Amino acid sequence: MNIERIIKKFSDNNPGVDNSIIEKAFLFADAAHSGQMRKNGEPYIQHPLHTAYILAEIRADLPTVVAGLLHDVPEDTDRTLEELELEFGSEIASLVEGVTKLSKIKYRGIERYRENLKKMFLAMTSDLRVIFIKFCDRLNNLRTLESLPPEKRRRIAEETLEIYAPIAGLLGIGRLKWQMEDLCFKYLYPDKFHELEYEYEVEKKVERQRFFQKVKGILTPKLEEAKVNYEIEERFKHLYSIYKKMQEKDRKFNEIYDVFALRIIVPTIDDCYKVLGIIHTLWKPKSNRFKDYIAVPKPNGYRSLHTTIFGPEGKPTEFQIRTKEMHEESIYGIAAHWYYKSKNTHSGYQQPKWVNEIIDIQKEITNTSEFVKNIKMDIFRDRIFIFSPRGDVFELPEKSTPIDFAYAVHGNVGNKTAGVIINDKLGKLDQELKNGDLVEIIVEKNRQHPNKDWLKFVKTKRARDQIKQHAKKSTFDNIKRFIPGINKK
Ligand code: MN
C-alpha cells in the first residue's frame, strides 16, 4: 500500500477537497513508526496505510482518514497525543484518542464481559467515526493474522465474530461485516471454510455462470422492452453466511447453495417495483419469500425488494432489487448517508457535523428496534464505563471516583488504595472519573484500613459499606478508648 492510492481514493470520492493533510499525516506517522516491523515482517507503516485505505474506501471523511493513518502513533511510538493535537488539531487528536481507548478493551470470552463490551462500544459512540477506524484497523489485523501465534489468532477471530461483526451489521456497514466474518470463519473453522470454498468457487462455478447467463438471457429483453435502465449482477454468497444457514437450519450445502442469487440495480424506486412485476410475470414466486424492505426498511436502515422465484429449470432464484443509493447504503451503512448528504450541499466541502448527523440518523432509525434501545445514549446518561489496565470494563454511576472504582474491582484493592493513575497521569482519589478513563489503582501492600474521609466523596453504596466496615477507628476514637469518661455525655 502507498499513500498515493489513499489520496487518489479519497479525492475520487471527494473531488475538489483540499486533502494535503493526508500526505502530512503520512509523513508524520512514517517517521514515528520508522524502524518498527509488523509480526509478518512488513514495515509497520503498512498497517496504518491499509487502515486509512479501507476508511477511504468506505467513504469516511477527511479527519477520519487522517486519524486512520495516525491511529497507532500515541500507543506505539514516542510521539504523544499532545503532539498530534498541535500538528493536526483537536478533532483528529480526539479521534485517535478514542481509538487508543477502544483498543484497551480486551475480550475474555466470558459472558458477562460480552454485554458490557457491547454497551461500552455503543456508549462511546458519541463519535461513531472512532468505531469506523477501529473496524478498519481490525480488518487489516485480521488479514495479517497468519503471523500470530494460534492462541492469539483464535482470540482475535472470536472477538471479531462476536462483537465487531454484529456491531458492523447493526450500523448497516455490510461490507465490513461480511469481510470480517469470512476472515474469522477461515481462522476458526479452517476445514469447513476450505471445504465450502472449494464447493462454491470450484465445483459449482461453471454451473453457476451458465445459469446466470440463462436468467439474463430471458430477463434482459423484457427489461429493455420496459425501458428500464438496469445493472444486473450475480450476488456472491459469503461463505460464513452459507455456513451459518447450514448450522441454523440443519441443511446440506447443496440445498442452500442451489439458491442462485442475483441483484438488479435501477435508477428509481418506481423502477424497483416495475422490475419486480416483470420478474413475477416471468416466473412463479415462491410463497412467503417476498419482502418489501423499501416500504418497511430494516431497523439498521436497509432497503431493498427481495423475492425468490422458481426460475429456469425450476431452480429457486433469489432477486434483490434496489436503487443505486440503497445499494451504497447497504455497503457503507451510515457512512453512505453522510456521503449523500454532503454531496447534496452546494457550498463545496464543509467540515460536516458528522457526529450530529449520525446521531440524527440514529434517531430516525431508532424507534422500532431493540438495537436502538441499546444505542440510545439516554440509557447511558447516568452510567460511565471505566477500563482497568488489564482491559476489563467496569460500569459505574456518573461522578464516581477512583475509590469507587477500586472497590468495584475488589474490596481488598479498595482498602489498600494509596493513589491513582488516570489515563497515564497521576490523579486524585476524590476526582470525578469520565467515561472511558483508564484507571490504575496504586495499592499499598501493608495498608490494612481505608480512610474514613473517603466517605465524604464516594458515590457507590458498595464503596461506602466497605469503608464503614473496614475503616480503622480514627485517632480520636482510639484516644477515646483510653480516656475513661469521655464517652459519657
Ligand atoms: Mn492498529
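Would you work out which of 133, 145, 180 lies farthest towards the positive end of the dipole of segment 130-192, given +1 charges on the beta-carbon of Lys and Arg and -1 on that of Asp and Glu, about the Cα centre? Positive-end residue among those listed: 133. Under the combined filter of DSSP loop state and at most 11 neighbouring Cβ atoms within 10 Å, segment 223-323 retains these trypsin sites (Lys or Arg not before Pro): 227, 252.
In this simple spin-label model, placing a label point 7 Å from the Cα along the Cα-to-Cβ direction at both residue 23 and residue 143 gives a separation of 2.4 nm.
The GluC sites (Glu not before Pro) of segment 394-447 that meet both conditions, a loop assignment by DSSP and at most 16 other Cβ atoms within 10 Å of the site Cβ, are 398, 432, 444. Computed from the Cβ-Cβ distance with R0 of 41 Å, the FRET efficiency linking residue 151 to residue 11 stands at 0.45. Put in order of Cβ neighbour count within 10 Å, fewest first, the listed residues 278, 421, 173 become 421, 278, 173. Phi angles of segment 163-168 translate, via the Karplus equation with coefficients 6.51, -1.76, 1.60 and θ = phi - 60°, into HN-Hα couplings of 10, 5, 4, x, 5, 4 Hz per residue; Gly and Pro are given as x. For residue 199 and residue 315, the difference between the fully extended length at 0.36 nm per residue and the C-alpha to C-alpha distance is 39.9 nm.
Take the Cβ-Cβ distance between residue 259 and residue 226 as r, set R0 to 25 Å, and report the resulting FRET efficiency rounded to the nearest 0.05. So, using R0 = 25 Å, E works out to roughly 0.45.
Counting Lys and Arg as +1 and Asp and Glu as -1 over every other residue whose Cβ lies under 13 Å from the Cβ of residue 149, the net charge comes to +3.
In plain terms, the residue of 189, 243 with the fewest other Cβ atoms within 10 Å comes first and the most crowded comes last, giving 189, 243.
Applying a threshold of 26 Å to the alpha-carbon distances of 134/204; 101/244; 216/244; 8/186; 8/244; 245/298 flags 134/204; 101/244; 216/244; 8/186; 8/244 as lying beyond it.
Only the coordinates and a few stated rules stand behind these numbers; no lab work does. Keep in mind that what you see is a predicted model, and the values were worked out from it rather than measured. Heads up, the Cβs are rebuilt from the backbone with ideal geometry, glycines too, and the neighbour counts pull from every protein chain shown.
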